[in-house]
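Taking it in order: structure first as structure tokens, then the write-up.
The values are calculated or read from the model by the stated rules, or taken from the named source; none is laboratory data. Given the structure is predicted, the values throughout are model-derived calculations rather than measurements. Virtual Cβ from ideal backbone geometry, glycine too; neighbours counted across all protein chains shown.
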Amino acid sequence: MTAIVHVIGTEIVVGDLSRQRCSWCGALVEDRDFSRMAVALQPGQTAEEAVEAMRQTRWEPGSHVAVDGNMGYVVPHEEGVIPEGSCMLLDPFATS
């Protein structure tokens, strides 16, 4: 599978559900259900602090993230330059 680079949009949180979509093409980039996730406690950390830290972990809106299956990673890029493999390079008909 080849990674597709997406432009991260705003995170939407409703209860225990969190979603982030691509601002350009609308693809679902991150879909989390916090009620079904486990988190490791760090030394001296309470369970509540660990859960809150997990909830604060998200992609920064506007960042370019390559998605390859279930794996995602930030793609460094120069402002105003579309990264290779970006959904912005696809036919506009396919992303509208």
Hey, could you check the stretch 6-22 for residues that are small (Gly, Ala, Ser) and buried (at least 16 other Cβ atoms within 10 Å of the Cβ) and say which is modelled with the highest pLDDT? Gly9
Restricting the search to the stretch 22-39, which residues are more than 15 Å from the chain's Cα centre (by Cα) and of a type in the set (Val, Ile, Thr)? Val39
When the residues of the stretch 86-96 are filtered to those that are more than 24 Å from Arg32 (Cβ to Cβ) and either modelled with pLDDT of 90 or more or touching a Leu at 6+ places or on another chain (Cβ under 7 Å) (or both), which remaining residue is surrounded by the fewest Cβ atoms within 10 Å (Cβ to Cβ)? Leu89
Filtered residues of the stretch 8-67 (kept if without any contact (Cβ under 8 Å) to a residue 24 or more places away in the chain and of a type in the set (Ser, Thr, Tyr)): Ser35, Thr46, Thr57
Having 1 or more residues that are in contact with a Cys (Cβ under 7 Å, 6 or more places away or on another chain) is the bar; report the strands (runs of 3 or more DSSP E) wholly within the chain that clear it. 4-7, 28-33
Please go through the stretch 39-73 and pick out each residue that is in contact with a helix residue (DSSP H, G or I) (Cβ under 7 Å, 6 or more places away or on another chain), surrounded by 14 or more Cβ atoms within 10 Å (Cβ to Cβ) and either within 15 Å of Arg19 (Cβ to Cβ) or modelled with pLDDT of 85 or more (or both). Arg55
